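To start, the structure under review is shown below, and the notes come after it.
Derivation of every value follows stated rules applied to the coordinates shown; laboratory data play no part. These numbers come from a predicted model, not from an experiment. Note that each Cβ is placed from the backbone with ideal geometry, even for glycine, and that neighbours are counted across all protein chains shown.
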Amino acid sequence: MSQRIDPARWLLMTVLGLSGGITFFLPFLQELYYLPLAAALDLNNAQIGSLLSVFGVTSLLCYVPGGWLADRVSPRLLLSASLISTGLSGFYFSTFPSYQISLLLHGFWGITITLMFWCAMLRVTRHWGAATGQGQAYGALEMGRGIGEALSAAATLALFAYLGSGTRALAAVISLFSATILCLGIASIVILNKDSGGELVAESNARVNFDTVKAVLNTPQVWLISTIVLSGYCAYWGTLRLTSYATDVFLMSVTLAALLSSLKLWVKPFAALGAGVIADKLGVTRVIVALFIVLLFGFLSFAFLPGTTGWIPAMVFNLVLVSMAVFGLRGIYFALVHTSGIPFRVTGVAIGVISMIGLSPDIFMPLLGGILLDTYPGAEGYRYFFLFVSAMCVLGVIATRTLATRNARAAGAGCN
């Protein structure tokens with residue numbers, strides 16, 4: 001127990017969580033500052049969208065190599081180099097370079113954030129959770145990411161408004177993000193010790209080669225966890241449509257809908273940590289199944305709620321409930337890597353494969369939503385979209401139950 005309340009140990013998780021939340025703001029800057037960024041860079045909608053597409057494609061290509069790298073290189077080196085290089089390049093982006101240079105920068109962030117940072121962050125988290133606290137570990141990580149996102153978004157929005165909401169204000173915002181990321185990179189050099197990622201565990205000293213990658217790809221648990229993460233991430237994308245759903249279907253004002261969207265940011269930290277603590281007590285797969293069931297009924301409710309003012313309280317309550325469930329799910333689904341018995345020495349490779357498949361909704365969910373809403377305008381389009389998300393939640397339940405059965409059989413065979 002004393003290990004769990006060690007201040008240095010929790011300081012490491014604080015830096016890890018804040019870094020994991022704030023570093024993604026640079027490539028995803030347009031989510032908060034779409035119009036000001038397009039104006040500052042003098043780009044049209046297709047060009048501004050292509051920036052994020054370049055980051056997404058580069059990231060997809062980097063997940064598996066990043067996992068392989070995380071199993072071979074010190075996480076302290078990977079994390080600090082990632083944060084420092086991302087922060088420094090952010091200062092250059094604040095000068096609003098040409099479209100071609102902006103494309104290169106977003107591709108560069110795909111390398112520094114995904115290849116160098118993502119799998120190393122999750123590998124350190126698994127080691128931090130030891131043998132009995134995986135739910136708490138990944139929940140604490142997601143809580144730190146949520147707090148970092150909420151606080152930095154609030155601080156930069158205040159700065160943006162104070163400086164007049166123009167190009168100069170946006171440059172200051174980007175510089176503030178960059179300086180924060182750079183400071184976190186320096187802090188990671190000091191706070192992460194030699195064995196923060198478990199390098200000294202004897203099992204992880206074995207070389208990770210192509211045969212190891214093949215073995216991971218042939219592991220059924222990896223594919224089941226990938227399906228669980230894929231289903232949960234589709235549900236997360238479902239929540240990203242709730243702001244426009246509130247304005248288009250319930251005719252709420254843009255300001256009030258944005259307020260509801262910001263409310264989700266503050267739900268995230270508490271839902272993630274709470275789910276992690278409960279998962280350590282009841283079992284990760286049990287909690288994941290329960291969260292998928294909550295999400296299933298929540299999205300079914302969104303699909304069929306009448307878009308009238310009298311149903312707004314029910315819609316808001318459902319929004320909060322679904323947000324809690326989806327962030328709780330995101331807070332614990334990577335804990336399945338440990339509870340499914342995947343060897344520690346291939347943690348990075350396994351997480352790379354799982355991330356490449358599980359986070360692929362970044363590519364197809366925005367397209368699917370756009371096609372459905374263009375083809376079936378209004379409430380009907382949202383109904384079909386939320387029904388698709390509901391179907392993915394059913395898939396998540398099936399995959400989680402299958403994984404739990406397989407893990408139980410493996411445990412029984414081990415006892416024999």
*What's the local net charge at Gly238, with K and R +1, D and E -1, over the other residues with C-beta under 14 Å away?*
+3
*Spin-label point model (7 Å from Cα, Cβ direction): what's the Leu104 to Ile293 distance in nm?*
5.5
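So what's Rg/Rh here for the chain, counting alpha carbon atoms and using the Kirkwood radius for Rh? Please report the intermediate quantities before stating the final value.
Numbers: Rg = 21.0 Å, Rh = 21.9 Å.
Expressed as Rg/Rh, it is 0.96.
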*Taking every pair of alpha-carbon atoms in the stretch 212-260, what share in percent sits in each 5 Å bin, from 0 to the bin with the longest distance?*
5, 19, 15, 12, 10, 9, 8, 7, 7, 6, 2
*Which whole-Hz couplings ³J(HN,Hα) result when phi for each residue of the stretch 77-85 is put into the Karplus expression 6.51 cos²θ - 1.76 cosθ + 1.60, θ = phi - 60°, listed in order with x for Gly and Pro?*
5, 5, 5, 5, 5, 4, 5, 5, 5
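If you average the sequence gap of Cα pairs under 8 Å that are 6 or more apart and divide by the length of the stretch 1-200, what percent do you get for the contact order?
Numbers: 265 pairs, mean separation 78.1, N = 200.
Result for the stretch 1-200 is 39 percent.
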*State, to one decimal in nm, how far the label point of Ala314 lies from the label point of Ser50, with both points 7 Å from Cα in the Cβ direction.*
4.6
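Ignoring everything except DSSP H segments at least 4 long, calculate the 222 nm mean residue ellipticity for the chain; use -39,500 (n - 2.57) per segment, divide by total residues, nearest 500. All intermediate terms of the calculation are to be shown ahead of the outcome.
Details: 18 runs with 324 residues, N = 416.
After summing the helix terms and dividing by residue count, I get -26500 deg cm²/dmol.
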*Relative contact order (percent) for the chain, with alpha-carbon contacts under 8 angstrom and 6 or more residues of separation?*
25
*Using only the C-alpha atoms of the stretch 217-345, find the volume of their convex hull and express it per residue in Å³.*
112
*Compare Phe28, Phe385, Phe364 in a GNM of the chain, Cα atoms joined below 10 Å, and give the one with the largest fluctuation.*
Phe364
